Every structure is written in structure tokens, then in C-alpha cells.
1. If you keep only loop residues by DSSP, which trypsin sites (Lys or Arg not before Pro) in the range 208-258 have at most 11 other Cβ atoms within 10 Å of their Cβ?
2. Which translational diffusion coefficient, to the nearest whole µm²/s, is obtained for the chain from the Stokes-Einstein equation, given a Kirkwood hydrodynamic radius over C-alpha pairs, 37 °C and 0.692 mPa s?
3. Write out the chymotrypsin sites (Phe, Trp or Tyr not before Pro) in the range 225-314 meeting two conditions: DSSP loop, and at most 16 other Cβ atoms within 10 Å of their Cβ.
4. Among MET377, TYR352, VAL364, whose Cα sits farthest toward the positive end of the charge dipole of the range 345-399 (+1 at Cβ of Lys/Arg, -1 at Cβ of Asp/Glu, about the Cα centre)?
5. Over all pairs of distinct alpha carbons, what does the Kirkwood formula give as the hydrodynamic radius of the range 260-369, in Å?
6. Trypsin sites (Lys or Arg not before Pro), restricted to the range 163-199: which are DSSP loop and have at most 15 other Cβ atoms within 10 Å?
7. At 4 °C and a viscosity of 1.567 mPa s, what translational diffusion coefficient does Stokes-Einstein give for the range 111-234, taking Rh as the Kirkwood radius over Cα pairs? Give it in µm²/s as a whole number.
8. Could you check the simple spin-label distance between GLU381 and ALA132, using points 7 Å along Cα→Cβ, in nm with one decimal?
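Where a number appears in this text, it was derived from the coordinates with a stated rule and is not lab data. Owing to the predicted nature of the structure, the values given are computational and were not obtained by experimental measurement. Ideal geometry is used to build each Cβ from the backbone, glycine not excepted, and the neighbour counts take in all protein chains shown.
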Amino acid sequence: MDCVVIGGGVAGLQAALSYRRAFKEKTVTLIDAEREVGYYRTLLPQFMNRSIPENKLFFWHNQDDPQFRLISGVRVETVNRDNRTLSLSNGSQVEYRRLIIASGGRPIVPPVCAVDRIDGIFPVRSLTAARAARDWLPQHPGVVIVGGGLVGVKTAAHLAGQGFPVTLVEKENHLLPQALSSQAAELVEEHLQRKKVRLLLGSTVEDIQSTDSSIRAVRANGQWLDCQTLFVAAGSVPEIDFLADSGLLRKGNLEVSRTLQTEDEYIFAAGDAVTIVERGSFTPWTWPQAVVQGQLAAGNLYAPAPVSLSCLSRVNAMNLNGLSLVVLGIPVAGARRSMLSRPGDGVLRELYHVDGKIVGGALVGDITNAGRLHWMMTVGERVDIDFTALLEPRINTFARLSPSCVNHNLRAVLLPSRECET
């Protein structure tokens, strides 16, 4: 095989498709543990609440391409770099000349939720689990969600919007602690509460009760809550256990340079599986990053001078069933913070900046100019005006304050399709 890609998520699929476009005479094999690839993981909450049909999840379907081979429903168990072979869970082996590892992540399941033989517990990660939850929910509407990150918050918003009683449990004292300041998170919390979502902040699930092998209640913050369906959205970790004996891991991480190359010249990696190392460690695990990294890894496979990833930001955009939200970058310790707040309108816009350059921020309720602000952050453009004025959600703000940004308007794009959170 010319090129093998491990992982059929968005990073792996983009890598495989980009490779086929760039090297039309070469073959590519894509291997994934799931039965289907090419679906929007970001739309699983809307699929589970039946607001979109399954066919709307898919952005790619396997084509009749003899040089594109898809091996699905099979896991890679080991990587042998000496003879460049992969051992698969079905007992077969696959050879490669070049390898791209895009195995993604697996859900973090707190020990209390990792209970065998209890029905009604679903990690929010895969289409297989989402299908099971979609079938389960109508007869088991009392929902508890563990985890107040992007996935948990979006799941809560869309289930509550369809009338399901939802309780959201988050161990930190505000929602989206890895993405928003406490003030920005307040608007998200108020929005969810208007949707009748019950919030238990600073709490964890401590115990589970079941009846006839089905979940019945969970205990959080010392109180028992009725629970017929438990969604686990506590985050994810890289799916890289199969690399344990490959010699590619450093302190348990799959480290790559900014060109996405591993220490092996024939192996690149992308997406949620990787830790990018350059004057520090970065894990920008988002859908937009996965798209760009998959394309870059494929382009660099045979490049005499591999290209470096130009942006390490964790930009995310979503609509929480009526509340627009863009995360430009996580709150940065030591940075100055500028904020525009209109609580009566449900709007808060904030930027973090160092030496006149944007290094993070969020737009809640009004995402005007999000693309341009992200572009300024990405290229490191210095802002020589009041940041509060820059935050004004007016279309002509940049024409008055940042002419060079207007000249690059067409480059200020977050993502061309769907929503882009992980």
C-alpha cells in the first residue's frame, strides 16, 4: 500500500481524500473501528433528539474509486515500524509506505459511570452510541448529563429544546471551564436555565442506582436524582493505546512537530490523537483543527520541505439551540482582558490580548466579525486602538479601525460547513 490512514474521523478522512487529490496515481487505505465514516460528530445531539434524520449526518459517502480502500469495523492493534506493517483485530496485516495516524479520541468515562450490565448509559462520542440513545430516549425521558464542556452543554441544550427534562452536572463552578470565563459562561447558564435545564455546578456523580438492569437514579452533590438516561460527556483522551510498543509515544503522548511529523520520517499524525510540540505542548483538539491537520499531514507525506501548521488556536463555533457562541481561544493567564457586556440583550464579547495582539476570547449572543477577529489573532496583527471599540458588533468596525483586516476579508473563514465544535 502506498499510504495508510488510521482513523475515519474528520482528520483521517480529510487526510485520505487530500492524499488522493494530490497523488492521483497512488493508493490509499483508510482503516476505522466504526462501521461508518464521514459523518458530523458535532450533529449527534440533534440526531439523538430526532430533529435531524440520520442521512443528514453524513458529509461523505464512499465512492467507486479502486485506489481508495476502506476497511471499517476493524481496529488497528499494533504498528510494526521495522517492516512497516499494521496488525488488525480481524487477524490480517496491512503494509504501508507512508502512514498517517488520525485515530482520534475515546470518551472519558468516570469510574462510577463505567458500570457493566446497566442499560441507559451512553458516552456522547460515536454514531453507534447515538443510535442506541435515539432509540432509548422516547421511553426513558429523564436525562442526566455528566460534563459541562462543549459536548455536554450542546447535548443539554438540544435535548431540553425537544422537551426532555435535563439535569447537567459539572464538577467546576461554571460551565465550559476550558473555553469561557465565568462571566461569559453565565450567559450560557442563563440560556440553559430558560430551556428548563437544571444545573448542578461544583458537583460530580457519586453513585448510580438501577432496577431490572436499567438505570433509575444517580446521586450528585449528596442528593438522588431521577435518571432514566445518563449521557457521559466528560471529555476525551487520545486513542493511542495501540501504539504502546511502537516507540512513538513520549510520556504517553503521540508527539509531533508543527509539520505533524512523528519521530519516524514515514509517519505523520493529525487530530485528537496528537500532541504538538514546539516551545511547549499544544492539544488544539477541535473540528476545524482536525480538518486542517488532516489536509496538512497528507500534503507533507512526500514534501522535501514539510510545511508547518500555521495556527494552533482552538476556535469553535456553535449554536446552542438559540444562543450563538464562538470561542476564539481559551482564557489566557497574564493577558489583559477587554470586554463588552450587554446582559439585557444576552451579549458578552471578550478578548484577551498581550502587547496589542489578540491571544484568545469569546463572543456570546452576537458573533459579528468573528472571522475577522480570528484572522487577526491567527496572523498576530497588532491592534493600535481601544480593544473595547474593536469589540463593538458593527459590520463597519473593521473598515474604521483595521483596514488591513478588511483587505483579507475572504480569508477570515471559520469553517465552510456545519458547526465546528468537537
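1. Working: sites: ARG216, ARG219, ARG250, LYS251, ARG258; in loops: LYS251, ARG258.
Answer by residue number: LYS251.
2. Values: Rh = 22.7 Å.
My calculation gives 145 µm²/s for D.
3. Details: sites: PHE231, PHE242, TYR266, PHE268, PHE282, TRP285, TYR302; in loops: TYR266, TRP285, TYR302.
Filter output for the range 225-314: TYR266, TYR302.
4. Projecting each Cα onto the dipole axis, the largest value belongs to MET377.
5. On the way: mean 1/r = 0.0627 Å⁻¹.
One over the average 1/r among Cα pairs gives 15.9 Å for the range 260-369.
6. Working: sites: LYS171, ARG194, LYS195, LYS196, ARG198; in loops: LYS171, LYS195, LYS196.
Qualifying residues, ordered by number: LYS196.
7. Numbers: Rh = 14.4 Å.
Translational diffusion coefficient: 90 µm²/s.
8. Here the answer is 4.8 nm between the modelled labels.
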